[in-house]
Amino acid sequence: MVETLTVAVLGAPRVGKTAIIRQFLYHDFTERYSPTECRYTYRPSVIFNGNMYDMKVMDVPYLTAFPANSAQEWSDLKSRGLRNTDAYVLVYDICSPESFEYVKMIRQQIQENRTSGANEAPIIVVGNKRDQQRQRFMSRRALSVLVKKSWKCGYMECSAKYNWHVMLLFKELLCSALARGCKNNHSTMRLQGALQRNRCSLM
C-alpha cells in the first residue's frame with residue numbers, strides 16, 4: 001500500500017506559497033498575483049529513494065489564526081484537517097519582516113494546538129524570494145540560527161521565480177516527515193505519473 005503524506009503550506013498573503021507549489025509540480029511561474037481565496041489540494045505521487053509516496057499538498061489561504069480546537073478546525077473549510085497534518089511548510093518573504101512575524105505566530109500556535117496524541121509533525125520555515133537578496137530585512141545566517149536553535153524547526157530559502165531550491169525543499173520535507181535521516185546529496189526524488197489538482201468545493 002502506498003503511503004500518503006499530507007502537507008500544509010501556510011503563510012501571509014503575497015509570500016509565494018502557490019508559486020512554490022506550482023514550480024514543484026509544473027515548473028511554472030507567473031508574475032501576475034492572484035490571491036488564494038479558497039483551499040487548493042494538489043495530489044502528486046513522488047518516487048523518493050526508490051519508494052513511491054502519494055502526497056496531499058494543501059495550499060492554505062491566509063488564516064488569522066491556526067485552529068485552537070476541533071470546533072474551529074471543522075467549522076471553516078480553510079482549516080479542516082490542519083491540526084493532524086503530517087508536515088507544515090511555513091513560507092515568508094525574506095524582504096518582509098511582517099510576513100516573518102506571521103510565521104512566528106503560526107508556528108507557535110501549531111505547537112500549542114495540534115491534535116493531542118498526534119505524532120509530532122516537522123515544520124520547515126521557508127524564506128522565499130531569494131532572488132531579491134539585496135532587499136532582505138535580516139541575514140540568512142541570523143534567521144537560520146533563530147529558527148533551528150530556538151524554534152527547533154527546519155529552515156531553507158528558495159526562489160519560486162527562478163525555481164531555486166524548490167525541489168530541495170520538498171526533499172527536505174520528505175526526509176523530515178519520514179524521519180529516515182537521509183542526506184541531500186544521496187537522496188533522489190522525481191514526480192511520478194499525472195498530477196491532479198482538486199479545488200475545494202462547498203458541501
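Using a probe radius of 1.4 angstrom, the carbon and sulfur fraction of the accessible surface of region 12-63 is 45%. The fraction of accessible area contributed by carbon and sulfur in region 133-182 is 50 percent, rounded to a whole number (1.4 Å probe; ligands and nucleic acids excluded).
Rounded to the nearest 20, the Cβ-based charge dipole of region 54-119 about its Cα centre (Lys and Arg +1, Asp and Glu -1) stands at 180 debye. Across all Cα pairs in region 109-173, the calculated P(r) in 5 Å bins from zero up to the longest distance comes to 4, 15, 22, 21, 18, 11, 6, 2, 0 percent per bin. Considering only Val9, Pro44, Cys95, and ranking their Cα positions along the charge dipole of the chain that arises from unit charges at the beta-carbon of Lys, Arg, Asp and Glu, the one farthest toward the positive end is Cys95. Indicate the gyration tensor shape class of the chain (rounded, prolate or oblate), computed on the Cα atoms with a ≥ b ≥ c the square roots of the eigenvalues: a/c under 1.5 is rounded; otherwise a/b larger than b/c is prolate and the rest oblate. In terms of gyration-tensor shape, rounded. Can you give the local net charge around Arg136? Use residues other than it whose beta-carbon is closer than 10 angstrom to its beta-carbon, Lys and Arg +1, Asp and Glu -1. The answer is +2.
What the Cβ-Cβ distance of Ser144 and Ala68 gives, at R0 = 25 Å and to the nearest 0.05, is a FRET efficiency of 0.30. Basic side chains Lys and Arg get +1 at the Cβ, acidic Asp and Glu get -1 at the Cβ, and with that the dipole of the chain about its Cα centre reaches some 440 debye. Heavy atoms of the protein chains alone define the surface here; on that basis region 88-169 has 51 Å² accessible area per residue at 1.4 Å probe size. The portion of the accessible surface of region 68-109 made up by carbon and sulfur, rounded to a whole percent, is 48 (1.4 Å probe; DNA, RNA and ligands excluded).
Surface exposure of region 1-75, expressed per residue as accessible area with a 1.4 Å probe, stands at 48 Å².
Ordering Pro122, Met58, Trp74 by the projection of their Cα atoms onto the charge dipole of the chain, which places +1 on the Cβ of Lys and Arg and -1 on the Cβ of Asp and Glu, puts Pro122 at the extreme positive end. Of the GluC sites (Glu not before Pro) in region 75-179, the ones in a loop by DSSP (not H, G, I, E or B) with at most 16 other beta carbons within 10 Å are Glu120.
Here Phe137 sits with roughly 60 square angstrom of accessible surface, probe radius 1.4 Å.
The values are calculated or read from the model by the stated rules, or taken from the named source; none is laboratory data. What you are looking at is a predicted structure, and each value in this text was computed from that prediction instead of being measured. Using ideal geometry, Cβ is built from the backbone for each residue, glycine included, and neighbour counts are taken over all protein chains shown. Heads up: the accessible areas ignore ligands, DNA and RNA and are worked out on the full protein's heavy atoms, side chains in. Shrake-Rupley method; radii C 1.70, N 1.55, O 1.52, S 1.80 Å.
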